[in-house]
Every structure is written in structure tokens, then in C-alpha cells.
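A short worksheet on the structure shown next.
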Amino acid sequence: MKLYDTSRREVVEITPLVPGVLKIYACGPTVYRDAHVGNMRTFLLTDLIKRFAQYQGLNVELIQNITDVGHMADDTGLGGIDEGQGDTEDRVLAQAKTESVDALSIARKYEDNFHKDLKLLNIQKATKYPRASESIELMIELIKQLIEKKHAYVGKSGTVFFDAKSFSSYGQISGNKLDELQPGYRFEGKSDPDKKFHADWALWKHAGENRTQLTWETPWGRGYPGWHIECSAMSIKFLGNKIDIHTGGIDLRFPHHEDERAQSNASANTEVVNYWIHGEHLLFEGRKMSKSSGNVLLVSDVLAKGLDPLAIRLSLLEHRYRSQMDLTWNSISASHKNLNRIREKMQEWSKSSGSVDKNYLAQFESALNGDLDTNKVLQLLRTLEKDETVSNGDRYQTVLKFDEVLGLDLHHAPEAKKEVEITPEIKGLLETRAKARLEKNWKLSDEIRDKLIALGIGIKDSDSGQEIFSL
Ligand code: AMP
Ligand code: ZN
């Protein structure tokens, strides 16, 4: 399989270091809130790599961490200077305060929800989901080693920093070289006075008086881990010093992955990760999807509208992982309808026996081999659906094979078709929406579309007007 490696800046053939086994480390969720569909897009990327590798006969070892401590509100990855102690709050602790419960209850609640959401999207389970809060000993050992090797130093306050200048190939993933990083780029005036150099980052942070939860005793005093060291410690512990693929969203390229690479390589004296694969961001209704901007879509929001959660998966597959995409309610409703259409056909085709069509299968494999071109695969699926030269039984077997990677449960029976009953309320909404569209009042048009979806009615706009269907 070929994938785009951020570090080499090109599409490369993925060759496992140990033949037959593919070792993947995926940055997992920070469990202080429900993962949104943007996060899910990144988790789906790992799932596609995993499923396609398995399809090709490889054994996949996948480790995905659970970040339940140490991810600070300002670890945005925008500026590259990870501040030292006490600058902003730990995300899990902040949410614990908001919900008036202890930090670990927050973490476990959102971790449970994360697993439920993965299941709803048919994202296969990882081999293990280590928690940061249960890997503290590993981190302490790793930090001790980095201090011994003179890659890290202890500040007066007890915060331990990585010495960025001690790692000569810093910047290889992101292109952000040390001499180009400006001091105080992000948080002017808040830099820790204990730092020797502005681009050094904290491996272990000294806990001030105010922090009473999620702290641990160490040789440097009581404190808590920096976010980046967690992933170095857990990836090396569970996958060893040689890992094939590391995945994450594009925002993690810097500083998270850059810093992780420096820590891991400095400790292991080798290039630990062979390929760095990043997924582009997901937008929702034209705007960035993020908790801070308030523009989030949750898997539960889609369920609440009576839509199949796998409609999200299908919508995401319409775009290759490497292109930014805009998800909309319209596209999710359309995917819901498409899923049911294909499933209906599959029920019909399943009545005849057949075998996999070699020609279609070869095209399917070539599209996935070529940097996971899922859009091409879906086009191929639509062509096959209409291709009367392929027998029903053959179409059934071929689509079943595609679905090993697509993961859309295409062999499931479709939902029973419901007739749309046009009540006076629905009629009124449709008329108002048609008028709003004529007047280019897109805001009102979208509001009414959402009202209709809440009533269980999907809508599709075409040249001939508004087409409605039951969800
Ligand atoms: P977090 O729970 O914030 O640590 O993020 C979990 C994963 O989701 C990381 O790999 C992020 O890079 C990724 N991510 C965050 N926002 C988006 C988005 N809008 N689209 C795609 N991936 C995202
Ligand atoms: Zn990570």
C-alpha cells in the first residue's frame, strides 16, 4: 500500500519492518468531552489502513492511547512553544470542575463514549488502549533516561525540559527548524524562566499549590506529565523501538509529533517511527470543526435525527483522507439514503450464487493501494451497481469483498421504507424553504432543512426543486 508520509513529503510504498506484521501507533482522544466527527475522521484513517493491511494478509498491531492527563488547553500546536508550568489548565481537570465531579470520572465517562462511537462507526478495536494516567512510571523512566543522556534538564522549580538543541534533526516532520522558531510566538511573556532556550518543552511539569488531582511523586517533586512524552512512552512500551506507522490529525504534526519524535529517537538511538501519516481536517457546514469554535457534530447528533451512523462513515469515505472536506447535514442524509439503496440491492443480489469479479476487485485494490483513494472506490461501487454485464451473484460477492475495507455493513437489510406523509406542517415548511431559496436566504433554508430532518424527512435539492425522502 502507498501512503503520503509527512516526513518524507511524498507518497511512499509502506513496507513493514518485520515481514507480515504492521505496527501502528495512533494518537487517541483526550477524554474531557465527546469525540466529534472530525476526530472520528482521523480515527477512521487508522481504521482504513488497518483494514486494508489485514485484507492484504498482514497482522496489525495497533496501539491507541487514551489521554486522560497532561493535555493542556493551550497545547494547540499553533506556535510550537509548549509552555512550562501553571500557564493553562489541564483539559480533564477543567471539565471536572465544570461538571463538579472528580477528574478520573470525567475521563472514564468520555472514554466509554469514545468506544461506543467507534463501534457505531464500525471502527475496529485496537490491540490495546493504554491510558496516560496508568503509564506514569514509563514516562518517569523515559525522562530519567533523557536526563542521563543530556537531552533533558531539570529547572529550579522541578519542571523537566527537553533540550531542543540537543536533537539535531528537530523539524524533520513539520519543516519547523529551530532557528526559525521565534521566541514567545504564541504566549508572549509567559515563557518559563527555567527554560534554557525558548523552543525547549516540558516533559514533566511541577504541580503548583492549586493542582490537587492528577499529580504524581517523582525524583523532581510532585507533578504531572507533558502531553508529548505520553505518546513516546506508550508507543515504545507497547510497540518497541521500531514502529511502522504513526497516525494523527494534521494539527498534531507540530509540535506534538515533532517533539515526540525527538524524545523517542533520543531515547532509542534510532529512527523509531518509519512513516508519519496525517489526516486532513474535517469542516462542518463550511466552518472548522472544533470545540473551541462551537462548531461540532457528534455521532449522537446524527443518531438523534434517526440517521444511520454509518452514513457518517460513507460521507467521510467520499473524500480521500488527505484532502480537507466539508461535511454537511445534506451529505449525511444523502449517504443515509445511498446506504439503504445499496443494501436493498444487496438483498436482491444475495439470492443468486456467484463469485468475486476479478476485474472489479483489481480496480478496487489498485485504488486503495494508490494512497487510499476511497473516493475512487465508491465510484467503482456505483459503476458495479449499475453494471448489468456482471451477474447478481457476482455483484453480491464482489461488494462483500469491498466491504471488508469499507466497513459499511452493506449486507445488512435496509430499513423498512417509510412513506413520507405530507402533513400541513411539512407542506408549509417546504413552501417557505422553496421561497427562501429563491431569495437566496440560505440561512433560513438550512434552518428549515434541519427542522425537516428532526421530523424524519431528508431533503435533496436539484434542478427540479426539493426532493424529499423518509429517513
Ligand atoms: P483530541 O481528542 O483533541 O486529542 O484529538 C484526537 C484526534 O482528532 C487528533 O488526531 C486530532 O488531530 C484529530 N482532530 C481534531 N480535530 C479534527 C478535525 N476537525 N478533523 C479531523 N481530525 C481532527
Ligand atoms: Zn499523541
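Read-outs throughout are calculated quantities, based only on the coordinates presented, and are distinct from any laboratory measurement. All figures in this text were calculated on a predicted structure; none of them were measured in a lab. Counting neighbours? That spans all protein chains shown, and the Cβs are built from the backbone with ideal geometry, glycine included.
Listing for the model above:
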read-out: Net lengthening on full extension, Thr98/Glu431 (0.36 nm per residue, minus Cα-Cα); value: 115.6 nm
read-out: Helix 227-239 axis, angle to the chain major axis (alpha carbon atoms, nearest 10°); value: 80
read-out: In Hz, Karplus ³J(HN,Hα) per residue of the range 330-346 (6.51, -1.76, 1.60; θ = phi - 60°; x = Gly, Pro); value: 4, 5, 5, 4, 5, 5, 4, 5, 4, 4, 5, 5, 5, 4, 5, 5, 4
read-out: Cα lying deepest toward the dipole's positive end in the chain, options Leu17, Ser169, Val92, charges on Cβ; value: Leu17
read-out: Residue order, fewest to most surrounding Cβ atoms within 10 angstrom, among Phe167, Phe469; value: Phe469, Phe167
read-out: Computed [θ] at 222 nm, deg cm²/dmol, the chain (DSSP H ≥ 4; -39,500 (n - 2.57); rounded to nearest 500); value: -12500 deg cm²/dmol
read-out: Leu17-Trp216 pseudo-label distance in nm [points 7 Å out on the Cα-to-Cβ vector]; value: 2.4
read-out: Surface/4 of the Cα convex hull for the range 326-406, nm²; value: 5.6
read-out: Given Lys144/Lys291; Lys2/Lys116; Lys165/Lys242; Lys109/Lys288, the pairs whose alpha carbons are separated by over 28 Å; value: Lys144/Lys291; Lys2/Lys116
read-out: Assigned charges on the beta-carbon of Lys, Arg, Asp, Glu; the range 122-223 dipole about Cα centre (debye); value: 160
read-out: Cβ-based charge dipole, the chain, positive-most Cα from Gln54, Phe254, Ala233; value: Gln54
read-out: Pair-distance profile P(r), taking every C-alpha pair of the range 2-279, with 10 angstrom steps and integer %; value: 7, 30, 37, 21, 5, 0
read-out: Full-stretch length increase - Glu447, Glu209 - with 0.36 nm per residue and alpha-carbon distance subtracted; value: 80.8 nm
read-out: Equivalent ellipsoid semi-axes, the range 424-470, via Cα gyration tensor eigenvalues times 5, rooted, Å; value: 15, 12, 10
read-out: Full-extension gain in nm, Lys149 to Glu415, via 0.36 nm per residue minus C-alpha separation; value: 89.6 nm
read-out: 20 Å reach of a label modelled at Lys351, 7 Å along Cα-to-Cβ, counting backbone N of the range 363-402; value: 385-400
read-out: Under 20 Å from the Cα of Lys358 - lysines, other chains or at least 8 residues apart; value: Lys376, Lys386, Lys401
read-out: Prolate/oblate/rounded call for the range 352-471, Cα gyration tensor, a/c under 1.5 rounded; value: prolate
read-out: Degrees, to the nearest 10: 256-268 long Cα axis against longest axis of the chain; value: 50
read-out: Within the range 351-365, backbone nitrogen closer than 14 Å to the virtual label 7 Å beyond the Cα of Asp387 toward Cβ; value: 355-365
read-out: Residue exposure sequence - Ser300, Ser464 - by fewest surrounding Cβ within 10 Å; value: Ser464, Ser300
read-out: Paired Rg and Dmax values of the chain, which use every Cα atom, in angstrom; value: 24.6, 76
read-out: Only Lys, Arg (+1) and Asp, Glu (-1) charged, at Cβ; the chain dipole about Cα centre in debye; value: 380
read-out: C-alpha long axis of helix 374-386 to longest principal axis of the chain, angle in °; value: 20
